[in-house]
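Asker: Below are the structure tokens for one structure; questions will follow.
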Amino acid sequence: MQKMILIKYGELTTKKGNRNVFIKLLVKNIGSLLNNVDYKIKYDRVRMYIEADDIDLVINKLKNVFGIHSIVKCYKVNTNIEEIKSSLVELLSNISFNTFKVETNRADKDFEIPSMEFSRMMGAHILKNINCHVDVHHPDLLVKIEIRKEGTYIYTDEIMGLGGYPVGIQGKGLLMLSGGIDSPVAGYLSLKRGIDLECLYFESPPHTSLEAKNKVIKLASIINSYSGNIRVNVVPFTKLQEAIYKNVPDSYVITIMRRMMYRIASEVVKRHHLKVIINGESVGQVASQTLTSMVVINSVTNLPVIRPVACLDKLEIIDIAHKINTYETSILPFEDCCTIFLPKHPVINPILEKCIEYEQSFDYATLIEECLNNIETITNLEEEKSDLL
């Protein structure tokens, strides 16, 4: 028996004529992840096969790859009935179980025995050689056999992958990454739909601390484990933020600040040849995320703005944050520029004409240009993370 990894594509198989484009990018993404691992990879339109000395190491890495429906540790044998029988007994003799079921997928239609008949044949052989019972409804062990042109694959363990599309298949977007819970989750969900990411973070020293910046870099490094090439653009926002607080009525400060952030994000998207803006806004969660606020804030850009967590409640977002290991970092007590001067009564239904009037009271265009010209871009997140927190 030859031990290897079998990968099932899942959603990729719905792509018909474009399927090979998706699969080739998935192969490329896996190759980037396994660049320090000795492995061999083969693939076709329905399955991918990986051979490696350390199967468990490769499987652990594949768990972070979008575009994979499931990961299987399997055994390849020749499509010979007696060899399949002996391999089944050898494999199952090392597994503890009381009940089992056999399922056969006869992908090679030149193999003459139908799937259900072959499953019964193999089940009968298992019963004769191992002390166990058949249970077709709730078996302790599900034994799967795939009969394909190049050979037969036997497996009992199937690990669910992340699903979604290979990262990068949809191009790249700009994630407005704060130190909160929501935006890292939005980044993760965007990666799942095949959108590669750059991140944009607004810092306002001395009002925001170095720890707040480091916290964001750490969050970026966590979601980077699902991508591998994320970089963080740090915007020096102090002068522009202070100008807003000086010239704008207290209730409109957050609305105007968000409009400035969107203007800056839009320009970064254009300069870096990205496609969309992505953020962690959730409808109604805070004053700047009411529908009215979103309309007024969004009016400064004609770029698409994707809000992956828009219709999730906070508990749903927190559940995902726990799953992707960003929650504990997100709740560290270092404030970002959106929370340091939060007004007591921010407007929840801002009026666009008032926003335009308030913005005309200071030269925000020059301040925005200064922000853009002094962006710090962090490309090596792992190196930065080693110095953090």
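Asker: Return the total of residues in the range 122-138 being more than 42 Å from the chain's Cα centre (by Cα) and either in a helix (DSSP H, G or I) or surrounded by 13 or more Cβ atoms within 10 Å (Cβ to Cβ) (or both).
Answerer: 6
Asker: Looking at the range 288-297, can you tell me whether even one residue there is under 13 Å from A186 (Cα atoms), out of contact with any Gly (no Cβ under 7 Å at 6 or more places or on another chain), modelled with pLDDT of 95 or more and in the same structural domain as E242 (by TED's automatic domain parsing)?
Answerer: Looking through the range 288-297, none of the residues is under 13 Å from A186 (Cα atoms), out of contact with any Gly (no Cβ under 7 Å at 6 or more places or on another chain), modelled with pLDDT of 95 or more and in the same structural domain as E242 (by TED's automatic domain parsing).
Asker: Among the residues of the range 124-165, which ones are under 18 Å from E82 (Cβ atoms), free of Cβ contacts under 8 Å to residues at least 12 places away in the same chain and not small (G, A, S)?
Answerer: Selection gives L127, K128.
Asker: With the requirement that a residue be touching a helix residue (DSSP H, G or I) at 6+ places or on another chain (Cβ under 7 Å), of a type in the set (D, E, K, R) and assigned to a helix (DSSP H, G or I), what does the range 1-26 give you?
Answerer: K15, R19
Asker: Okay, moving on. Out of N247, N233, N279, I need the residue that is among the polar types (S, T, N, Q), touching a Ser or Thr at 6+ places or on another chain (Cβ under 8 Å) and within 30 Å of L34 (Cβ to Cβ). Which one?
Answerer: N233
Asker: Continuing with the same structure: What single numbered condition from (1) under 25 Å from the mean Cα position of the chain (by Cα); (2) in a loop (DSSP other than H, G, I, E, B) fails to hold for P206?
Answerer: (1)
Asker: Let me ask something else. Of all the residues that make up the range 268-286, how many are surrounded by fewer than 20 Cβ atoms within 10 Å (Cβ to Cβ) and either of a type in the set (G, A, S) or farther than 18 Å from G171 by Cβ (or both)?
Answerer: Qualifying residue count, the range 268-286: 4.
Asker: Considering only the range 142-151, state which residues are at pLDDT 95 or above and either outside any strand (DSSP E or B) or crowded, with 24+ Cβ neighbours inside 10 Å (or both).
Answerer: Of everything in the range 142-151, nothing turns out to be at pLDDT 95 or above and either outside any strand (DSSP E or B) or crowded, with 24+ Cβ neighbours inside 10 Å (or both).
Residues checked against (1) more than 30 Å from G123 (Cα to Cα); (2) at pLDDT 95 or above:
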position: I154; (1), (2): no, yes
position: D157; (1), (2): no, no
position: L174; (1), (2): yes, yes
position: L177; (1), (2): yes, yes
position: G180; (1), (2): yes, no
position: S183; (1), (2): yes, yes
position: G187; (1), (2): yes, yes
position: L191; (1), (2): yes, yes
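Asker: I would also like to ask the following. Could you say whether any residue in the range 312-327 is surrounded by fewer than 17 Cβ atoms within 10 Å (Cβ to Cβ), in contact (Cβ under 8 Å) with a residue 60 or more places away in the chain and of a type in the set (F, W, Y)?
Answerer: no
Asker: On the given criteria, is S227 out of contact with any Ser or Thr (no Cβ under 8 Å at 6 or more places or on another chain), closer than 28 Å to F22 by Cβ and modelled with pLDDT under 95?
Answerer: So S227 passes the test.
Asker: Moving on to the next point. Looking at E242 and the list (1) in a loop (DSSP other than H, G, I, E, B); (2) surrounded by fewer than 18 Cβ atoms within 10 Å (Cβ to Cβ), which single condition is not satisfied?
Answerer: (1)
The values are calculated or read from the model by the stated rules, or taken from the named source; none is laboratory data. Because the structure is predicted, anything quoted here is derived from the model rather than measured. Every residue, glycine as well, gets a Cβ built from its backbone with ideal geometry; the counts of neighbours run over all protein chains shown.
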